[in-house]
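The values are calculated or read from the model by the stated rules, or taken from the named source; none is laboratory data. Quick caveat, the model's predicted, so the values are computed rather than measured. Using ideal geometry, Cβ is built from the backbone for each residue, glycine included, and neighbour counts are taken over all protein chains shown.
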Amino acid sequence: MGIRPTFSIRDITRIAVFAAILAVLGLPGAITVFGGAVPITAQTLGVMLAGAILGPWRAAAAILVFEVLVLVGLPLLSGGRGGIAVFAGPSVGYLIGWIVGAFVIGLIARSGNREPRWWRTALGCAIGGIVVVYAIGIPFQSLITGLPLAQTALFSTAFLPGDIAKVIVATLVTQALWRAYPRAFEQTVRSTPELRVAAYNKSSDPE
Amino acid sequence: MIALYHPGTSVLHRMPAGAKVLVFAALALAITVTTGTVWSLPLAGVITVALYMCSGLGILTLLRQLYTSRWIVLVMLVSQVIFLPLMDAITNTSRVLVVIVLAALITLTTRIPALLDATDHALAPLRRLRVNTAAIGLLLALTMTAIPVISGFASQIREAQRARGVPVRPQRFVVPLLVMSLKHSDELADALTARGIE
């Protein structure tokens, strides 16, 4: 893993398209609970998928780009929320957690740039998409709302079932995408021949 | 796409975006630091109302912002009333509400390009670390143009599946969306390379 990633134009368009997918997953029709006061939407599914498909650097970049657009005032978060106000509210920690979480998911699910295995994807999404996001989100929420840490954490467990369901969906989707379109997993940040051979074998599979 | 910007010619509208963000940050910090004192929140409330009035947005926009935050207020109040004394719960919730409504003021009075320019400006020091800030601008522009395209893919898939009576399941919707979007991303890369952008 290089310290400083260099992105090719192919990486840049992937990052942009994934940031746009995140935006589309927040449009009406996606699941919202409590009007989206705290993120429990299809957008966290997008965060997991970004990590599992794009790998750490490009996934973190995609989430960052999406959040910059929200920051400058596009109403892209679920429920049509956007602007600096979102980053001044109690859910700012979860938004930061998304960036770090996507990176961690990418590290676990795509480390060594091997072909995706379901258990690595599931493990990555559970650790990056739940543990990391909550570990960053809950302290910020507690700090901003003034509710002690333990009580805030207790309240956040209400969102755990939804997030576990998203880990399952993200894993199913990632494996289905590997069968349907292995090129999606090409890494140009640090390309290794291994994956290309694996992708070739997979696509020429006669099944 | 509907931007949150409200056109106008007030002092707030004409203020540089960067300066506005810094003033807001200072105000938010002041509100948070002085939160224990009696006069802090009423004063912040008065300042907020005054700013909404003098920026020409009016009381209606302010009320609309409060209405947008109704769920945050509800969830916060419920969780706080259970664990904290009533006065603390109200103070905490109003503090968060004032800061959110103040922050919304920046978005309401600043055009998106101005905020993008301010972002670009803030990122300038990164150039010293050999970060390609021009690529960041390209990325943001590409994303904004990609959103309607991908949203179009999403409705295509929904219509096709409805026409064939496919039961709605998340993965049946997301997998085709990802395949279409990632193919689009590769075509976009080829098109940009053909135009000499690398």
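Screening B:Thr48, B:Thr68 for residues that are within 13 Å of chain A (Cβ to nearest Cβ), touching a Lys or Arg at 6+ places or on another chain (Cβ under 9 Å) and either charged (D, E, K, R) or surrounded by 13 or more Cβ atoms within 10 Å (Cβ to Cβ) (or both) leaves exactly one candidate, B:Thr68.
Restricting segment A:147-165 to residues that are touching a residue at least 12 places away in the same chain (Cβ under 8 Å) and either more than 25 Å from A:Thr121 (Cα to Cα) or at the interface with another protein chain (Cβ under 9 Å from one of its Cβ atoms) (or both), the residue that is surrounded by the most Cβ atoms within 10 Å (Cβ to Cβ) is A:Thr152. Quick one: is B:Asp186 more than 10 Å from every other protein chain (Cβ to nearest Cβ), among the acidic types (Asp, Glu), surrounded by fewer than 20 Cβ atoms within 10 Å (Cβ to Cβ) and touching a helix residue (DSSP H, G or I) at 6+ places or on another chain (Cβ under 9 Å)? No; evaluated as a whole, the condition is false for this residue.
Here B:Leu27 passes the criteria (1) under 23 Å from the mean Cα position of the chain (by Cα); (2) among the hydrophobic types (A, V, I, L, M, F, W, C); (3) not in a helix (DSSP H, G or I) except the one numbered (3).
One line per residue, one yes/no per condition, for (1) among the basic types (Lys, Arg); (2) surrounded by fewer than 19 Cβ atoms within 10 Å (Cβ to Cβ); (3) assigned to a helix (DSSP H, G or I):
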residue: B:Ala154; (1), (2), (3): no, no, yes
residue: B:Arg158; (1), (2), (3): yes, yes, yes
residue: B:Arg162; (1), (2), (3): yes, yes, yes
residue: B:Arg172; (1), (2), (3): yes, yes, yes
residue: B:Leu192; (1), (2), (3): no, yes, yes
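Checked against (1) of a type in the set (A, V, I, L, M); (2) at the interface with chain A (Cβ under 8 Å from one of its Cβ atoms); (3) in a helix (DSSP H, G or I), B:Ile197 passes all but condition (3). For segment B:1-56, a tally of residues being aromatic (Phe, Trp, Tyr) and free of Cβ contacts under 8 Å to residues at least 24 places away in the same chain returns 1.
Okay, residues lined up against (1) among the aliphatic types (A, V, I, L, M); (2) touching a residue at least 40 places away in the same chain (Cβ under 8 Å); (3) in contact with a strand residue (DSSP E or B) (Cβ under 6 Å, 6 or more places away or on another chain); (4) under 30 Å from B:Val11 (Cβ atoms):
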position	(1), (2), (3), (4)
B:Leu105	yes, yes, no, yes
B:Ala118	yes, yes, no, yes
B:Leu129	yes, no, no, no
B:Thr145	no, no, no, no
B:Gln156	no, no, no, no
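Only one entry in B:Ala103, B:Ala50, B:Ala89 is more than 30 Å from A:Gln151 (Cα to Cα) and at pLDDT 85 or above, namely B:Ala50. The numbered conditions (1) within 11 Å of chain A (Cβ to nearest Cβ); (2) surrounded by 20 or more Cβ atoms within 10 Å (Cβ to Cβ) are all true for B:Leu77 except (2).
In the set (1) within 30 Å of A:Leu27 (Cα to Cα); (2) within 12 Å of another protein chain (Cβ to nearest Cβ), the condition left unmet by B:Leu27 is number (1). Taking the stated definitions as given, is B:Val101 within 9 Å of chain A (Cβ to nearest Cβ), free of Cβ contacts under 8 Å to residues at least 12 places away in the same chain and buried (at least 19 other Cβ atoms within 10 Å of the Cβ)? No: the conditions fail for B:Val101. Considering A:Glu207, A:Glu194, the condition of being at pLDDT below 85 and not in a helix (DSSP H, G or I) is satisfied by A:Glu207 alone. When restricted to residues that are assigned to a helix (DSSP H, G or I) and facing another protein chain (nearest Cβ under 9 Å), segment B:123-148 contains 14.
Any residue at all in segment A:41-49 that's modelled with pLDDT under 85 and either at the interface with chain B (Cβ under 8 Å from one of its Cβ atoms) or surrounded by fewer than 24 Cβ atoms within 10 Å (Cβ to Cβ) (or both)? Among the residues of segment A:41-49, at least one is modelled with pLDDT under 85 and either at the interface with chain B (Cβ under 8 Å from one of its Cβ atoms) or surrounded by fewer than 24 Cβ atoms within 10 Å (Cβ to Cβ) (or both), which makes the answer yes. In segment A:69-121, the qualifying residues are those that are assigned to a helix (DSSP H, G or I), touching a Gly at 6+ places or on another chain (Cβ under 6 Å) and of a type in the set (A, V, I, L, M), and the one that is surrounded by the fewest Cβ atoms within 10 Å (Cβ to Cβ) is A:Ile108. In the set (1) surrounded by 11 or more Cβ atoms within 10 Å (Cβ to Cβ); (2) modelled with pLDDT of 85 or more, the condition left unmet by B:Thr35 is number (2).
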